[in-house]
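Enquirer: Sharing a structure with you now.
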Amino acid sequence: RLVHLDLKGAAPRAQYLEQVLPLLRALGATGLLLEYEDTFPYSGPLELLQAPHAYSPAELRALLSQARAQGLDVVPLLPFPLQFVLKHGELAHLREVKALPNALNPHKEESLALVRAMIDQVMALHEDLQWFHIGCDEVYYLGEGEESKQWLQQQDNTPEKLCLSHIKAVATCLASSYPTVTPIVWDDMLRGMSEETLAESGVPQLVQPMIWDYAADIDVEGKVQLVEKYRRCGFSKVWFASAFKGATGVNQSLTPIGHHLRNQLEWLQVASRSPADVLEGIVLTGWQRYDHFSVLCELLPVAIPSLAVCLQAIKNGGYSEKVKENVEKLLGMSNLEFDTFMSTSLGTFPGSNILTLVTQVSFHLKSSVDELLERNRYVTGWFSPYHRKRKIIHPIIMHHFQPDAVSLLSKWNAVVQDLQAAMEQVFHKCAIEEWMEENVHPSLQKLQQVVDDLDEA
């Protein structure tokens with residue numbers, strides 16, 4: 001039972017992650033799937049891949065040693081296709097399609113050298129690895145570069161074979177240098193391929209596929225058949241991937257626990273109907289962005305109750321009143337609601353104050369500002385955009401809403417200040433800035449502007 005930490009946005013500080021590990025263990029996790037992306041401390045020619053807030057080698061070693069002390073297996077994930085790599089001008093010549101940083105050109109020797117160099121640096125910081133996730137999902141535009149088009153014109157060559165030869169090349173890169181480590185790949189590029197194509201490619205002998213589906217009502221029968229199909233093709237083991245956050249909306253700010261719990265329960269059904277010896281494990285994914293260029297979805301501390309419910313359900317083979325009580329005890333929460341967003345979300349788990357404040361902002365900030373500016377008749381009738389532009393207002397009207405506007409602004413400024421302080425304990429400046437600009441500033445600036453305009457008028 002691996003917990004996926006997606007570090008390609010709002011990557012928590014190392015100290016925060018160290019506080020969370022014992023909780024993950026207590027909730028039933030047996031390992032971590034670490035998707036480093038640009039937070040890995042690449043060095044030498046690869047140093048340009050590092051984000052300014054990347055972990056230092058010392059921080060990462062401490063985190064990995066803490067994970068080992070908690071008995072958690074660590075599986076690193078390198079997301080080939082490499083958007084975070086190919087966006088750099090210096091590496092743009094390795095793109096499959098010149099204008100798009102979506103896929104690596106599989107025909108260039110230098111592409112594989114880059115893959116090998118990245119794998120080597122990640123491996124050098126990890127000890128005793130059993131698995132290494134090489135991504136390979138959503139490889140859009142593979143086959144659309146000039147060299148690929150020429151390759152596809154040759155007899156018997158197909159886009160499926162191109163994709164499989166790319167997966168094979170990356171997996172072989174890993175296997176040739178680290179024969180005891182098994183590569184894992186996302187399965188979405190493989191699902192639609194025929195058994196014959198898969199079996200003939202040699203890929204099933206090299207990798208373990210991870211079947212992912214984050215819906216609340218997955219096609220259980222279809223998944224059972226897919227497991228059987230992969231088995232017949234020669235894959236020795238498969239993984240499942242559910243989600244505890246980051247799968248219900250690209251700019252989601254609060255986590256719908258009920259959706260994610262139902263997703264786990266569906267996967268438990270698939271597991272119960274699949275041969276016991278074929279399932280290697282399940283990963284509970286927690287996406288932080290839908291891709292390298294999209295906005296942030298729910299922050300990790302906000303989704304910890306969802307993760308707790310999901311992990312406990314998977315560990316206990318279902319969800320019951322007893323499981324709910326256990327989750328509440330471990331999170332220090334008095335009443336866990338999961339069919340609605342939590343209204344009183346106080347807890348004692350690391351970062352629970354962030355959940356409380358984010359809940360307040362998500363529920364009430366925009367609606368309270370809109371209420372004042374768009375539904376208060378004194379504002380809409382006597383201080384419209386026309387009046388504001390010309391700085392005119394009847395003095396008596398001001399008394400009807402200026403005190404409300406000023407008090408609302410000071411209330412929200414105080415909440416945002418508390419949230420800022422809470423977030424600084426967990427996140428770097430760039431993540432806080434991004435979250436505030438997306439979720440707070442639009443409403444707060446509108447309100448501030450009205451108060452300023454009133455003063456001038």
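The values are calculated or read from the model by the stated rules, or taken from the named source; none is laboratory data. Note that the structure is predicted; figures quoted are calculated from it, not measured. FYI the Cβ positions are ideal-geometry reconstructions off the backbone, even for glycines, and counts take in every protein chain you see. Accessible surface areas use protein heavy atoms only, side chains included; no ligands, DNA or RNA. Shrake-Rupley method; radii C 1.70, N 1.55, O 1.52, S 1.80 Å.
Enquirer: If I fit a long axis through the Cα atoms of helix 220-233 and take the longest principal axis of the Cα atoms of the chain, what angle between them do I get, 0 to 90°, rounded to 10?
Expert: So the inclination is approximately 30 degrees.
Enquirer: I need the phi-derived Karplus couplings for region 246-260: 6.51 cos²θ - 1.76 cosθ + 1.60, θ = phi - 60°, integer Hz, Gly and Pro marked x.
Expert: Karplus values, whole Hz, x for Gly and Pro: x, 9, 10, x, 5, 10, 4, 10, 10, 9, x, 4, x, 4, 5.
Enquirer: Sorting SER148, SER194 by accessible area (1.4 Å probe), largest first, what list results?
Expert: Heavy-atom accessible area, descending, gives SER194, SER148.
Enquirer: Still on this structure, please answer the following. With an 8 Å Cα cut-off and a minimum separation of 6 or more residues, compute the relative contact order for the chain in percent.
Expert: 14 percent
Enquirer: Can you sort CYS430, CYS233 by 1.4 Å-probe accessible area, starting with the largest?
Expert: Final ranking, largest accessible area leading: CYS430, CYS233.
Enquirer: Ok, one more. In whole Hz, with x marking every Gly and Pro, tabulate ³J(HN,Hα) for region 180-191 from phi via Karplus 6.51 cos²θ - 1.76 cosθ + 1.60, θ = phi - 60°.
Expert: 8, 9, 9, x, 10, 10, 5, 9, 5, 7, 9, 3
Enquirer: Another one. Quick one: accessible surface of MET436, probe radius 1.4 Å, all protein chains present, in square angstrom to the nearest 10.
Expert: 10 Å²
Enquirer: Using the Cα gyration tensor of region 55-106, with a ≥ b ≥ c the square roots of its eigenvalues, what is the shape: rounded (a/c below 1.5), prolate (a/b larger than b/c) or oblate (neither)?
Expert: Prolate, since a/c reaches 1.5 and a/b exceeds b/c.
Enquirer: To the nearest 10 Å², what's LEU100's accessible area with a 1.4 Å probe?
Expert: Number for this one is 60 Å².
Enquirer: Under 5 Å between amide H atoms, partner at least 5 residues away or on a different chain: which partners does ILE282 have, H built in plane at 1.01 Å?
Expert: Sorted by chain and number, the residues that satisfy this are LEU2, PHE240.
Enquirer: Here's something else I'd like to know. Can you tell me the convex hull volume per residue for region 352-456, based on C-alpha atoms, in Å³ to the nearest whole number?
Expert: 94 Å³
Enquirer: Follow-up. As I understand it, the value is the acute angle between the Cα axis of helix 159-177 and the longest principal axis of the Cα atoms of the chain; what does it come to in degrees, rounded to 10?
Expert: Its long axis makes an angle of about 80 degrees.
Enquirer: Largest first, what is the accessible-area ranking of SER176, SER334, SER111 with a 1.4 Å probe?
Expert: Most to least solvent-accessible, the answer reads SER334, SER176, SER111.
Enquirer: Using a 1.4 Å probe on the protein heavy atoms only, what accessible surface does CYS136 show? Give it in Å² to the nearest 10.
Expert: Its heavy atoms expose roughly 0 Å² to the probe.
Enquirer: Would you pull out the residues with amide H under 5 Å of ARG95's amide H, same chain only if 5 or more places away, H placed 1.01 Å from N?
Expert: Distant-sequence amide H within range of ARG95: ASN105.
Enquirer: Could you please report the charge total around ALA405, scoring K, R as +1 and D, E as -1 over all other residues with beta-carbon less than 15 angstrom from its beta-carbon?
Expert: -3
Enquirer: Another question, then. In Å², what does the accessible area per residue of the chain work out to with a 1.4 Å probe?
Expert: 43 Å²
Enquirer: Moving on. What residues qualify as long-range amide H neighbours of GLN208, i.e. H under 5 Å apart, gap of 5 or more or another chain, H built at 1.01 Å from N?
Expert: The list, which skips near neighbours in sequence, is ILE184, VAL185.
Enquirer: Right, here's the next one. Before rounding to the nearest 500, sum -39500 (n - 2.57) across all DSSP H runs of length at least 4 in the chain and divide by the residue total; then give [θ] at 222 nm in deg cm²/dmol.
Expert: -15500 deg cm²/dmol
Enquirer: To the nearest 10 degrees, how steep is helix 57-69 against the longest Cα principal axis of the chain, on a 0 to 90 scale?
Expert: Tilt relative to the chain: about 80 degrees.
Enquirer: If you take the Cα atoms of the chain, find Rg, then find the Kirkwood Rh from the mean of 1/r over all pairs, what is Rg/Rh?
Expert: Answer for the chain: 1.04.
Enquirer: Kindly identify region 122-240 as rounded, prolate or oblate by the Cα gyration tensor criterion: order the square roots of the eigenvalues as a ≥ b ≥ c, call it rounded if a/c is under 1.5, otherwise compare a/b with b/c, prolate if a/b is larger, else oblate.
Expert: oblate
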